[in-house]
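The values are calculated or read from the model by the stated rules, or taken from the named source; none is laboratory data. Quick caveat: nothing in here was measured; it's all calculated off a predicted structure. Positions of Cβ are generated from backbone atoms using ideal geometry, with glycine treated the same way; all protein chains shown enter the neighbour counts. To get the accessible areas, we keep the full protein, side chains included, count just its heavy atoms, and leave off ligands, DNA and RNA. Shrake-Rupley method; radii C 1.70, N 1.55, O 1.52, S 1.80 Å.
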Amino acid sequence: MPRSRTSDSFKTRKDITPIADTDLFFQTFEKPTQIYRYLKTRFISSPLFLHRTLSYMKGRTSRNNKSRAEFKVNDILSTIQNKDQKPNENENLIIGFLSFYDSHLQTNYVKVETKLEKISYKRRKESAMTQNQIRIGESRVIVNTDNNGTDKLPAVCVSATEFDRLGDNVQTTYQLTFDIESQPFTGSTTDEPSNKYTCYSKTYHAELPVFDKHGRNLLVNGLYHVTALERHAFRPSHMLCWENFPSEADQHIADWAEEVNKYYFAEEDSNPFVTFDKTPKIQLYMEWTRSKITGNNYIPRPKFITDQHNNNKENTSTVNGTATTGTVNGSLLNGHDKSELQLVEKKAFIFQFIVNNSTKQRTEERSDFICPWCSLNCIRIYSLIKHLKLCHARLLFQYVEDAGKARVDVYLNELYDGSYSGAPHDILLGSQRQNGPSRRNVVTNIMVFRPRRPTFKMSEFQEVDDGELEQQRQYISGHNRIYYHSETCIPIMPKELDYDSEGEPDPRWLQRTTKQMIDEFTDVNEGEKELMKLWNLHVMKHGKSSNHSRFVGDCQIALACDLFLKEKGAELLEKNLYRNYVVHLSSMFNYGLISPQTIIGNIRRLNEMLKDDQDENGKLKANRKAHVAKANIKPVVTKREPEKSESQDSKESSNTKVNPKDEKKGGKVDKEKATAKVPSKHNEVNGHTPNSKHKGSLALKRKLSTA
Amino acid sequence: MTNTVKSAENESENDVSSSTSESRSQSSSKQRRSKKAKRGRKGNQNPYKFVTYLTETPNTQIFAIAFNHFIRDRDIFASANGNKISIYECVDADDERPVQFLRAYIEPDKDEVFNCVVWSYERLNGSSTAGPILAAGGVKGMVRIVQCNRDSMGGFKNLLGHTGAINDMKFHPIHPHLLISGSKDYSLRLWNIQNSTCIAIFSGIRGHRDEVLSVDMSADGRTMISGGIDHNIMVWSLETDELKEKIDACSSVDGFGRGKRPFAAIRVHFPEFSTRDVHGNYVDTVKYFGSSFLSKSCENNIIWWKRKETPKGMQVSKLFTFDIIDSEIWFMRMELDLQLTQLAVGSQNGKVFIFNLDTEKPINKRITVTHPKCTSPVRQMSFSRSGNILVSACDDGTVWRFDKK
């Protein structure tokens, strides 16, 4: 879609709307509209988020968090207790008069006389009712102006004692009646046109029920607009309780409006709300309180919370719900202060749908800021367009102010690819939205992000939209896809991304199979097998990725030998594998893997270890003997070397490598010293607990020696 | 017959194989048939009576059918036909429609073919009642967990990890959230379906060397047995220290691996016992029978065997062989009822053979349950909780209901 569009181009073509173009319009906008309509209903049933929490939807927040600052836990209790208390018991009703409206009235003040009407009737005979009126007071009320400037309101107070119940078996309704009498206008009214409704003195009457016959309170604190009709037009009430309205309540309103029109306006307009606007009405402020009016019938003007969200689903309180629909006796109640509802940007605007650079459709002028796709009241134009841009990405929006008229251009976003941009795990692992909210997967974590909030201005919508949201924050990219562990093929969770599952430490199964497979050899003796296991596992351990000394080449064999003695030397001697190791060294020498120096160094090291512990030394022979006796070991054989030389070698080593003196000494020590001492010393030096094998060999040795 | 063909793959080949098998076993089967006929007349009892059958659409092969044994007073079963799982209820046999369709789950992927369905239950959060859930696995290698009594019967959890088709699954007999699955990727996996985590993978150096076709768990849930295309039957222990610790630890993470520490599946390479001595062909069903085992290959018999301690180590000791006929293609499951009194197995020409196991000594006497119209291979059957209803699923997309008289 070409982006270069001038306002002229569609002006010239806007009148041409053949049928084909209409079809094109429907084709273009049908799909996104259908989708957004579906999303709207889904959002209503299970919302993803609350609009009022969005920064650009400030208008929808009705709460403030001021009370949080001084919140105490005990407040919860007192709040509940207050709720539990029977409402309006021993509370006085204070009625403040804001103003009186009648466009035909020319006076500045009217006199309002407030009366409380008690209608009580016996339960069985509803017709026989007694009625008495109590005068409450008189007030002077300003006419046709909003008394914003003044800080005092004329007020009357109905004391709680007036509402006392007479008895249980008597049902009483209470209603307030207002008799409004216009003072004769003192100014020059003679030049008034002959308006038949203009007269110098008029009396109006208005009624407002307080308690119905079941004792239910019908008034809550707030602002009321009560229609007042002229005495002659007033229709006395038949219905004292609006809760008992039949379902055709609207019909009733219409009837009423018709009647009012007939009497008052003699017009055909039957729209009850228009009628309501035109009817004279008195604006009241009602408050239930325990205190009484101080001062001579004036109260300080209360601050009215501006109720800016007429259609707000989230915040609609029960007060509004009943007040906006209920009428009683010609009095339409409205909890809202209409004059304050409209905000600064009250400008009407239109939506203009554009396909292929030409205007296809326009909406009528509208001054409500309700999103056409999700019926969300955004309160102001800025919020609306911001909402449209952010929540309806399939379409593009541009705000145009043209010759004092505002317009929102709507095009199809052809760059929209509909790809899923959330965490892939949510889809793959089946964490679909069930009933109610569920914890979602977090791919990225923001610890603190406090961007500078941009000032809201309409100019940001006036640029041509390219469908890309400008981002203040750099999102971490690359995590909107799923990765798998290579070994187990299980998806890698975001939390595991930092762990390396691909490392190859020598696994236990491999150690186990290595041992098993060596054990299965039939052409090597037990000692050989043991050494092979030790050596192979040693090389395996260091051959894989470990931080230090990784064996990768032949040149490192010498290093491996040194490390082997260091780590496994004790085990080697314990298992009596001295000679096997020497054979292993020599075979490695034969292959040219190690130098003679390494062999000498290793053997010297081993001998030192032997010398270090005489017991160890003595045990060597004993173990060897025992081992040989037990296993009937053949001479050590390796595949490469002929048997003869091997056996010679082993003989030699047994004779030469081990110091005969030491051996004898050890033998003597063993013979002379008490056997009990041997293991204890062994413990001290080696840090090993003597295992059963050694014990056995010692015992055997003892036997041999005694024999 | 060296290798039989899963008839799903190639119809013509299947024909060939079945014809050859017929030609091979013709004489013997004839003999048996005559014998059986005699016996049938003598005993004069075929306890099962045909009630009804229904054809699923599309009428492709049904590989899996399973009664829900957790529901006490209703007989509800699920059958998997391609990518569709249908749930039916068996009502009174005299009813106008003795098998009533309840609802279905259809996998979005049209290429999916479910090989197995198993039932379990889950505690619905916040309530003391339990809702039935269904686990289904197929050629896509993904296990779908389906909640059956939700408003919309959607898949709500997926278990990802297998790299090949899933051939068989079983739930743990004690913990209903532990699921074991056997797959074409030579492995078995143990899952915790509560948080979709894989606890352990049973495969590796001493594991199966070809597709795993069947798994079963012992009644106490301590061991499990698996059989596969590699002719191997393996017994795996779930009681090793490492596994026990893992099973305990797996509930510490949630479905996205969030927990105190990341949870990684362990790999079990070494079965407790492994043998190739029982069967010389694909082992397509293995079942626990107390401490012994029943297993079936495509060799026209079912073998009852146990492990025996010998000086050379554990050895197989065959106890009895149940003979069947015309069951030489593979992926034909045998089934036991809940009380382990009846053993059922299908044949490739539409018959279901039932052996009575409720005797002192095993008797090699099979009861044939069939219907003239039922002629295609019976892949799997299932007994109701009471054992009075038998449903069987055939390759032509039909489901048959037989009732005990």
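When you scan segment B:278-288, do you find a residue that is closer than 28 Å to B:Q380 by Cβ, open to solvent by less than 30 Å² (accessible area, probe 1.4 Å) and within 14 Å of another protein chain (Cβ to nearest Cβ), even just one? No, that holds for no residue. The set of residues in segment A:21-50 that are more than 15 Å from A:V410 (Cα to Cα) and hydrophobic (A, V, I, L, M, F, W, C) comprises A:I35, A:L39, A:F43, A:I44, A:L48, A:F49, A:L50. Residues in segment B:230-250 that are open to solvent by less than 20 Å² (accessible area, probe 1.4 Å) and either within 22 Å of B:R333 (Cα to Cα) or among the charged types (D, E, K, R) (or both): B:D230, B:N232, B:I233, B:M234, B:V235, B:W236.
Within segment B:158-176, restricting attention to residues that are within 10 Å of another protein chain (Cβ to nearest Cβ) and under 14 Å from B:F202 (Cβ atoms), the residue that is modelled with the lowest pLDDT is B:G161. The set of residues in segment B:210-229 being outside any strand (DSSP E or B) and open to solvent by less than 10 Å² (accessible area, probe 1.4 Å) consists of B:S218, B:G221.
Condition check ((1) farther than 23 Å from B:G137 by Cβ; (2) at pLDDT 90 or above) across all residues:
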{"position": "B:Q45", "(1), (2)": "yes, no"}
{"position": "B:T57", "(1), (2)": "no, no"}
{"position": "B:S79", "(1), (2)": "no, yes"}
{"position": "B:V99", "(1), (2)": "yes, yes"}
{"position": "B:D109", "(1), (2)": "no, no"}
{"position": "B:F114", "(1), (2)": "no, yes"}
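Within segment B:237-262, residues that are away from chain A (no Cβ under 12 Å) have Cβ atoms under 8 Å from residues that are open to solvent by less than 70 Å² (accessible area, probe 1.4 Å) and modelled with pLDDT under 80 in these pairs: B:S252/B:G259, counting only partners at least 6 apart in sequence or on another chain.
Yes or no, residue by residue, for (1) modelled with pLDDT of 75 or more; (2) out of contact with any Ser or Thr (no Cβ under 8 Å at 6 or more places or on another chain):
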| position | (1), (2) |
| --- | --- |
| A:K405 | yes, yes |
| A:V408 | yes, yes |
| A:E414 | yes, yes |
| A:G418 | no, yes |
| A:G422 | no, yes |
| A:L429 | no, no |
| A:R433 | no, no |
| A:M447 | no, yes |
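For B:D151, indicate whether it is over 20 Å from B:N195 (Cβ atoms), modelled with pLDDT under 90, within 14 Å of chain A (Cβ to nearest Cβ) and open to solvent by 40 Å² or more (accessible area, probe 1.4 Å). So B:D151 passes the test.
Segment B:347-405 holds strands (runs of 3 or more DSSP E) entirely within its bounds, and those carrying 1 or more residues that are within 19 Å of the chain's Cα centre (by Cα) map to B:352-356, B:378-383, B:389-394, B:398-404. Looking at segment B:295-315, is at least one residue within 14 Å of chain A (Cβ to nearest Cβ), open to solvent by less than 50 Å² (accessible area, probe 1.4 Å), over 20 Å from the mean Cα position of the chain (by Cα) and over 27 Å from B:R189 (Cβ atoms)? There is at least one residue in segment B:295-315 that is within 14 Å of chain A (Cβ to nearest Cβ), open to solvent by less than 50 Å² (accessible area, probe 1.4 Å), over 20 Å from the mean Cα position of the chain (by Cα) and over 27 Å from B:R189 (Cβ atoms).
Condition check ((1) of a type outside the set (A, V, I, L, M, F, W, C); (2) in contact with a helix residue (DSSP H, G or I) (Cβ under 6 Å, 6 or more places away or on another chain)) across all residues:
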residue: B:W305; (1), (2): no, no
residue: B:M314; (1), (2): no, no
residue: B:L319; (1), (2): no, no
residue: B:E328; (1), (2): yes, yes
residue: B:F331; (1), (2): no, no
residue: B:K351; (1), (2): yes, no
residue: B:I354; (1), (2): no, no
residue: B:L357; (1), (2): no, no
residue: B:S376; (1), (2): yes, no
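Selection of segment B:252-291 for residues being among the β-branched types (V, I, T) and part of a strand (DSSP E or B) yields B:I266, B:V268, B:T275, B:V283, B:T285, B:V286. Kindly check whether there is at least one residue in segment B:177-192 that is surrounded by fewer than 22 Cβ atoms within 10 Å (Cβ to Cβ), at the interface with chain A (Cβ under 10 Å from one of its Cβ atoms) and among the small types (G, A, S). Within segment B:177-192 (the criterion being surrounded by fewer than 22 Cβ atoms within 10 Å (Cβ to Cβ), at the interface with chain A (Cβ under 10 Å from one of its Cβ atoms) and among the small types (G, A, S)), the answer is no, since none of the residues qualifies.
Could you check, for segment A:506-523, whether at least one of its residues is closer than 30 Å to B:N158 by Cβ, in a helix (DSSP H, G or I) and modelled with pLDDT under 90? Within segment A:506-523, one or more residues are closer than 30 Å to B:N158 by Cβ, in a helix (DSSP H, G or I) and modelled with pLDDT under 90. Residue pairs whose Cβ atoms lie under 8 Å apart, separated by 6 or more positions or on different chains, with the first residue in segment A:62-84 and open to solvent by less than 90 Å² (accessible area, probe 1.4 Å) and the second of a type in the set (D, E, K, R), are A:S62/A:R52; A:S62/A:D307.
Applying the set (1) modelled with pLDDT under 85; (2) farther than 30 Å from A:R453 by Cα; (3) under 38 Å from the mean Cα position of the chain (by Cα); (4) surrounded by 10 or more Cβ atoms within 10 Å (Cβ to Cβ) to A:R37 leaves exactly one unmet item: (1). Among the residues of segment A:384-429, write down those that are within 14 Å of chain B (Cβ to nearest Cβ) and without any contact (Cβ under 8 Å) to a residue 12 or more places away in the chain. Matches in segment A:384-429: A:I427 only.
All conditions in (1) surrounded by 23 or more Cβ atoms within 10 Å (Cβ to Cβ); (2) of a type outside the set (S, T, Y); (3) touching a Leu at 6+ places or on another chain (Cβ under 6 Å) hold for B:A344, with the sole exception of (3). Working only within segment A:113-150, note down all residues that are open to solvent by less than 30 Å² (accessible area, probe 1.4 Å), at pLDDT 65 or above and over 18 Å from A:L176 (Cβ atoms). Listed by number, the residues that qualify are A:Y121, A:V143.
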